[in-house]
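The values are calculated or read from the model by the stated rules, or taken from the named source; none is laboratory data. Remember, predicted model here, so these are calculated numbers, not experimental data. Note that each Cβ is placed from the backbone with ideal geometry, even for glycine, and that neighbours are counted across all protein chains shown.
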Amino acid sequence: MQELEADYLRRSITVSCQQIVLQIGGLGWENEFVDCTLYQRYTVLDAKKLGHETARKIQAKAHHLPLQSESVDMVILPHLLEFDAQRFQSIREVERVLKPEGLLVVLNFNPWSLWVRYQYLWDKKMADSWTGHFISRSRMLDWLKLLNFEVTGVSEFSLDRVHSTQGNSITNRHSTFASAYAIKAIKRRYQLIPLTPVKNERQSLYLANTVNSARSEKHD
């Protein structure tokens, strides 16, 4: 699963190496999908300062990001929301710091997966830490929609392959065979276009009719 997700993230980082990429939640194997010597503005933010040694790090909470609004070009959330008790505030903070038209990539475990459920029941420690934190794909899509994100792609990770859908093919259905899923989205900002009042054209029509009538009388 780690190899599949690393390959997915490697292909998902399509921004320039001069742009700011923020990963919230350290993994420790960032070197498998990003070259931090090339992406010098790639930053890992984690409350415990986790992350690969080559990555630039910020020690902070996800629900209170010490960053300016609209200052980040891309945000990656790798299995953060499942373990975040304040995940609703965290996703709002992500929306705040992300630039308009900025990219968001979310990785979550699939709560309907039989494999994940097996691990949940087998590992008591995991079960305690995940209580109430499973997030379905449909719920994640609803959250992003409320925050004016446009979802451009959804991928599902099985133990041996990745299945991706894009555009109009994206649905809210869930799979019991996928162990995890990923969502790509773009932060949209729609500006209202003021409507100018429609001019009253009655006067001009009246004048035209008057001219035509005058011409007709003169002809007679």
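Conditions (1) over 16 Å from residue 106 (Cβ atoms); (2) crowded, with 18+ Cβ neighbours inside 10 Å, marked per residue:
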| site | (1), (2) |
| --- | --- |
| 2 | yes, no |
| 12 | no, yes |
| 31 | yes, no |
| 42 | yes, yes |
| 46 | yes, yes |
| 56 | yes, no |
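For the range 1-28, which positions are without any contact (Cβ under 8 Å) to a residue 40 or more places away in the chain and in contact with an Asp or Glu (Cβ under 6 Å, 6 or more places away or on another chain)?
6, 26, listed by residue number.
Could you check, for the range 92-106, whether at least one of its residues is surrounded by 15 or more Cβ atoms within 10 Å (Cβ to Cβ), in contact with a Pro (Cβ under 9 Å, 6 or more places away or on another chain) and in contact (Cβ under 8 Å) with a residue 24 or more places away in the chain?
yes
For the structure I just gave you, tell me whether residue 38 is out of contact with any Leu (no Cβ under 7 Å at 6 or more places or on another chain), under 25 Å from residue 153 (Cβ atoms) and either of a type in the set (Ser, Thr, Tyr) or modelled with pLDDT under 95 (or both). Step through it out loud before you land on a result.
Values: out of contact with any Leu (no Cβ under 7 Å at 6 or more places or on another chain): yes; under 25 Å from residue 153 (Cβ atoms): yes; either of a type in the set (Ser, Thr, Tyr) or modelled with pLDDT under 95 (or both): yes.
Here the answer is yes, as residue 38 does meet what is asked.
Tell me whether the range 121-135 contains one or more residues that are over 25 Å from residue 68 (Cβ atoms) and modelled with pLDDT of 90 or more.
no
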